[in-house]
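Visitor: My questions all concern the structure below.
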Amino acid sequence: SLEVTEMKPATKAALRNTEQRYGVVAQWLHWGMFALIALQIVGGHVLEELPKRTAIRGFAFDAHETLGLIALFLVFLRLSWKMANPTPVAASGRTWQQFAARAAHIALYVLMVAVPVVGYLMVDAKGFDVAFFGWAAPDLVATDKALADRLNSLHAALAWALTGIVALHAGAAVWHQVILHDGTLQRMLPAARG
């Protein structure tokens, strides 16, 4: 005879945030941005190693510029979603820890905007079209080699700062998960199925 077992229904994931956890939209935006930033950081280092005046280098730069503009759009989408949804209640912690977490989040958002904006202006100042899916994005500044060199240095410095803040953010999430066991990381992961 066949034994019939009762199946528990799957926990329905909420689209919007609750006081306990982030919703599906916030999770997708968070992890999508993480993947995109990681790809852009690695890609930025690879770009300079590609042979000059080759099709692969041109394609790689176009892809980097396109993904940078997508990242910029997603940051503003994330900010809009963040303002329209309650933020889950923060895990308990000392006042300095909560202040540091808020400061790191603000720095993340500032850098997620600054890196692509400075990159856009840098490419424009070099006299190249900023690529967006094969189309040329609008020119914002005149060709200026000295300005392009300064923006190039600033773009690299901001990208390194973003890398550091992302690493700090990831390290803090692991610390909360492994050392404090306070469920902070679970708030940004898909809900467990029943």
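The values are calculated or read from the model by the stated rules, or taken from the named source; none is laboratory data. What you see is a predicted model, and the numbers here were worked out from it, not measured in a lab. A quick note on method: Cβ atoms are made from the backbone with ideal geometry, for glycine too, and the neighbour counts reach across all protein chains shown. Remember, those area values only see protein heavy atoms, side chains included, never the ligands or the DNA or RNA. Shrake-Rupley method; radii C 1.70, N 1.55, O 1.52, S 1.80 Å.
Visitor: Here are some conditions: (1) closer than 30 Å to TYR22 by Cβ; (2) over 20 Å from the mean Cα position of the chain (by Cα); (3) open to solvent by less than 70 Å² (accessible area, probe 1.4 Å). PHE99 meets all but one. Which one does it not meet?
Guide: The number of the failed condition is (3).
Visitor: Now, a different point. Those residues that are among the aliphatic types (A, V, I, L, M) and open to solvent by 30 Å² or more (accessible area, probe 1.4 Å), I need them from the range 56-71; list them, please.
Guide: Listed by number, the residues that qualify are ILE56, ALA63, LEU67, LEU69, ILE70.
Visitor: Checking the condition open to solvent by 40 Å² or more (accessible area, probe 1.4 Å) and small (Gly, Ala, Ser), which residue from ALA114, ALA137, ALA142 passes?
Guide: Working: ALA114 fails: open to solvent by 40 Å² or more (accessible area, probe 1.4 Å); ALA137 fails: open to solvent by 40 Å² or more (accessible area, probe 1.4 Å).
Exactly one residue qualifies, and that residue is ALA142.
Visitor: Which one of these is assigned to a helix (DSSP H, G or I), of a type in the set (A, V, I, L, M, F, W, C) and at pLDDT below 95: ALA148, ALA103?
Guide: Details: ALA148 fails: at pLDDT below 95.
Every option except ALA103 fails the conditions.
Visitor: Moving on to the next point. Find the residue count for the range 161-173, including only residues that are open to solvent by 50 Å² or more (accessible area, probe 1.4 Å) and either part of a loop (DSSP other than H, G, I, E, B) or out of contact with any helix residue (DSSP H, G or I) (no Cβ under 9 Å at 6 or more places or on another chain) (or both). Walk me through how you get there before you give the answer.
Guide: Within the range 161-173, the first condition is being open to solvent by 50 Å² or more (accessible area, probe 1.4 Å), and the residues that meet it are 167-169.
Subsequent filtering for residues that are either part of a loop (DSSP other than H, G, I, E, B) or out of contact with any helix residue (DSSP H, G or I) (no Cβ under 9 Å at 6 or more places or on another chain) (or both) retains 167.
Residues in the range 161-173 being open to solvent by 50 Å² or more (accessible area, probe 1.4 Å) and either part of a loop (DSSP other than H, G, I, E, B) or out of contact with any helix residue (DSSP H, G or I) (no Cβ under 9 Å at 6 or more places or on another chain) (or both): 1 in total.
Visitor: Here is a further query. I need every pair where a residue in the range 114-137 that is in contact (Cβ under 8 Å) with a residue 24 or more places away in the chain and closer than 17 Å to LEU74 by Cα has its Cβ under 6 Å from the Cβ of a residue that is open to solvent by less than 20 Å² (accessible area, probe 1.4 Å) and small (Gly, Ala, Ser), sequence separation at least 6 or different chains.
Guide: Every condition considered, the pairs that remain are PRO116/GLY68; PRO116/ALA71; GLY119/GLY68.
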